[in-house]
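Colleague: Sharing a structure here in structure tokens format.
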Amino acid sequence: LFIIWQILALAFIILSFAINAQTAQDLFSPRQMNVTWLGVDFSHTKIFGGATDKIKDYFVDYCYRANQTIAEDHHRFYFPIAYKKDFTYNTSFINGINKNMDSVIIVTSKRSIPHLTTIDIKQIVAKYNFPTDLKGIGLIYMYDSMCRKGNDSGKVWMVYLNIESKEILFIQNADVELNGVSFEEQLAYPVLGMLRKSKKEFNEWSEDPKKYNLLNK
């Protein structure tokens, strides 16, 4: 009986750790944690300028190849270094979201680009239907917009979430310049910019995650 109580107590401790490990504070703590990189959700992207017919026709394919590059090029896209956590990579769900997107919205005037808000992101995440084999903490980037005319730039959001409950834990974003010769490279470059910002500002976020969390702003 004593052994049974010990086992139950140990199970309770492990369960409590699992629950407590899924907070914004723990994302930036030294605590060891595995995070699943789920990929870049391109399904709400807005493009200003330079959107050729080829880009419109093959945008889904471009997004798939960009996501594949980001997930496979670990030397360049350094998630474990930027976020100081262990990462596994499973982009199949987000690839499915991108594959089924209706279309990319081509915006003719930069002033009219409707950027994503935290409210939009909450609604997007709430509609995700994750498969049952995906569990734990996930990291998603949401591609907001890109300007390919004149002031080449892109905007990306990073979203930490509890995959099972779909609770969003931490949100940040980055405005970065575009770079790259091919369109796939231009799609991937803002993601690299978000990673660089994350690596640079990680210590600040760690000191006060609530302050830097855009979730409630």
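The values are calculated or read from the model by the stated rules, or taken from the named source; none is laboratory data. Predicted model only: the values in this text are computed from it and were never measured. Here Cβ is always computed from backbone atoms with ideal geometry, including for glycine, and neighbour counts include all displayed protein chains. Note: areas computed on protein heavy atoms with side chains; ligands, DNA, RNA excluded. Shrake-Rupley method; radii C 1.70, N 1.55, O 1.52, S 1.80 Å.
Colleague: Which pairs turn up if I take residues in segment 76-88 that are open to solvent by 40 Å² or more (accessible area, probe 1.4 Å) and look for partners that are aromatic (F, W, Y) with beta carbon separation below 9 Å, at least 6 apart in sequence or on another chain?
Modeller: Cβ pairs passing all conditions: P80/F87; K84/F28; K84/F202; T88/W37.
Colleague: Something else: Every residue in segment 177-209 that is touching a strand residue (DSSP E or B) at 6+ places or on another chain (Cβ under 7 Å), outside any helix (DSSP H, G or I) and either among the acidic types (D, E) or under 21 Å from K84 (Cβ atoms) (or both), please.
Modeller: E177
Residues checked against (1) modelled with pLDDT of 90 or more; (2) aliphatic (A, V, I, L, M); (3) within 28 Å of E204 (Cβ to Cβ):
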{"residue": "Q32", "(1), (2), (3)": "no, no, yes"}
{"residue": "D86", "(1), (2), (3)": "yes, no, yes"}
{"residue": "D102", "(1), (2), (3)": "no, no, no"}
{"residue": "T108", "(1), (2), (3)": "no, no, no"}
{"residue": "S112", "(1), (2), (3)": "no, no, no"}
{"residue": "I121", "(1), (2), (3)": "yes, yes, yes"}
{"residue": "M146", "(1), (2), (3)": "no, yes, yes"}
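Colleague: Could you please find all residues in segment 120-150 being hydrophobic (A, V, I, L, M, F, W, C) and touching a residue at least 60 places away in the same chain (Cβ under 8 Å)? Write out each step before concluding.
Modeller: As a first pass, look at segment 120-150 and keep what is hydrophobic (A, V, I, L, M, F, W, C): 121, 124-126, 130, 134, 137, 139-140, 142, 146-147.
Within segment 120-150, I124, L134, I137, L139, I140, M142, M146, C147 meet the criteria.
Colleague: Further, regarding this structure: Look at segment 125-135 and say how many of its residues are modelled with pLDDT under 95 and open to solvent by less than 20 Å² (accessible area, probe 1.4 Å).
Modeller: Of the residues in segment 125-135, 1 are modelled with pLDDT under 95 and open to solvent by less than 20 Å² (accessible area, probe 1.4 Å).
Colleague: Quick one: which of L187, L195, L161 is in contact with a Leu (Cβ under 7 Å, 6 or more places away or on another chain) and open to solvent by less than 10 Å² (accessible area, probe 1.4 Å)?
Modeller: Working: L187 fails: in contact with a Leu (Cβ under 7 Å, 6 or more places away or on another chain); L195 fails: in contact with a Leu (Cβ under 7 Å, 6 or more places away or on another chain).
Testing whether each residue is in contact with a Leu (Cβ under 7 Å, 6 or more places away or on another chain) and open to solvent by less than 10 Å² (accessible area, probe 1.4 Å) leaves just L161.
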